[in-house]
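**Q** First, the structure itself, so that you have it in front of you.
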Amino acid sequence: VHLLAACAQAVETELRAAGLPTPIRTVRNGIDLDEFHLTPERLAAGRQWRREWGFSEGDFVMAAVANPRPQKRLHLLPEILAALRAQLNSRTEARLVLCGEVMRGSAEAERCVAETREAAARLGLEAHVRWTGPVANIPDILAATDVLVSTSAHEGLSLAQLEALAMGRPVVARSEEHTSELQSLR
């Protein structure tokens, strides 16, 4: 191996700490800004997604764009949704959309989905959570949402975060400075 490419600076740091003799570099994320911007067509597509999900235009919709894996910590999202719903009282419906592909045959991915579904059921939120599975047109999904939420245990600046920001959607992500998982997300 002539070069190891890390997906984040934290991964590069871990690889260096392991004492590997190979040069290591972080590959920075990037997106095509021409693809990720709000247009009348995207807004119409976003409204169509909301109708398909059974959500109204006035609902507050959080999205998580992440393939289910343990480090994505998707099981935290139902509690975040519950906290938001309590803050809003009944003025506005808060909803959650999860987009991502469950790798076929991955028991780990299936377990992540099951944990997330169980958390939603325990909190009585099944009616407010939608799973899209893999989605080819992420800009249309982002046009349907109000905020992107990332509960990843360790991730630099993800492509999903860059895409959401390019679409004018705020990003709520975990702060490394806090020790409590949920406290850092509230």
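The values are calculated or read from the model by the stated rules, or taken from the named source; none is laboratory data. Predicted, not measured: the structure shown is a model, and the values here were computed from it. Using ideal geometry, Cβ is built from the backbone for each residue, glycine included, and neighbour counts are taken over all protein chains shown. Just the protein is used for accessible areas: all its heavy atoms, side chains included, with ligands, DNA and RNA removed. Shrake-Rupley method; radii C 1.70, N 1.55, O 1.52, S 1.80 Å.
**Q** Over the heavy atoms of MET103, what accessible area does a 1.4 Å probe trace out, to the nearest 10 Å²?
**A** 120
**Q** Sticking with this structure for a sec: Between ALA8, ALA86, PRO139, whose Cα lies farthest towards the positive end of the dipole of the chain when Lys and Arg beta carbons carry +1 and Asp and Glu beta carbons carry -1, centred on the Cα centre?
**A** The residue sitting farthest along the positive end of the dipole is ALA86.
**Q** Given the C-alpha centroids of the stretch 82-125 and the stretch 1-71, what is the distance between them in whole angstrom?
**A** 19
**Q** While we're on this one: How much FRET efficiency would the formula 1/(1 + (r/R0)^6) give for LEU33 and ASN67, where r is the Cβ-Cβ distance and R0 is 22 Å, rounded to 0.05?
**A** Values: r = 23 Å, r/R0 = 1.06.
Step by step, r from the Cβ atoms, then E = 0.40.
**Q** Here is a follow-up. If I stretch the segment between ASN137 and ALA173 completely, what's the gain in nm (0.36 nm per residue apart, minus their alpha carbon distance), one decimal?
**A** 10.7 nm
**Q** Using just the helices of the chain, give the 222 nm mean residue ellipticity in deg cm²/dmol: DSSP H runs with n ≥ 4 each add -39,500 (n - 2.57), and the total is spread over all residues, rounded to 500. List each step's numbers first, then the result.
**A** Working: 6 runs with 65 residues, N = 186.
-10500 deg cm²/dmol, from helical runs alone.
**Q** Going by average Cβ density within 10 Å per residue, which order do the peptides 132-139, 23-30 take, highest to lowest?
**A** Details: 132-139: 13.6, 23-30: 12.1.
In decreasing order of mean packing, 132-139, 23-30 become 132-139, 23-30.
**Q** Taking Rg/Rh (Cα atoms, Kirkwood Rh) as the quantity of interest, determine which of (i) 1.30; (ii) 0.99; (iii) 0.97 was computed from the displayed structure.
**A** (ii)
**Q** Cut-off 10 angstrom, C-alpha nodes, Gaussian network model of the chain. Which of SER150, SER158, SER90 fluctuates the most?
**A** Residue with maximal mean-square fluctuation among SER150, SER158, SER90: SER90.
**Q** Calculate, in nm to one decimal, what ALA44 and GLU110 gain on full extension: separation in residues at 0.36 nm each, minus their alpha carbon distance.
**A** Computed gain between ALA44 and GLU110 is 20.5 nm.
**Q** Quick one: grab the alpha carbon gyration tensor of the stretch 69-134, order the square roots of its eigenvalues as a ≥ b ≥ c, and give me rounded if a/c is under 1.5, else prolate or oblate depending on whether a/b is larger than b/c. Write out the running numbers ahead of the final one.
**A** Details: a/c = 2.63, a/b = 2.13, b/c = 1.23.
Prolate, since a/c reaches 1.5 and a/b exceeds b/c.
**Q** Work out the FRET efficiency for ILE24 and ARG91 from their Cβ-Cβ distance, taking R0 = 30 Å, and round it to the nearest 0.05.
**A** Efficiency, from the Cβ-Cβ distance: 0.05.
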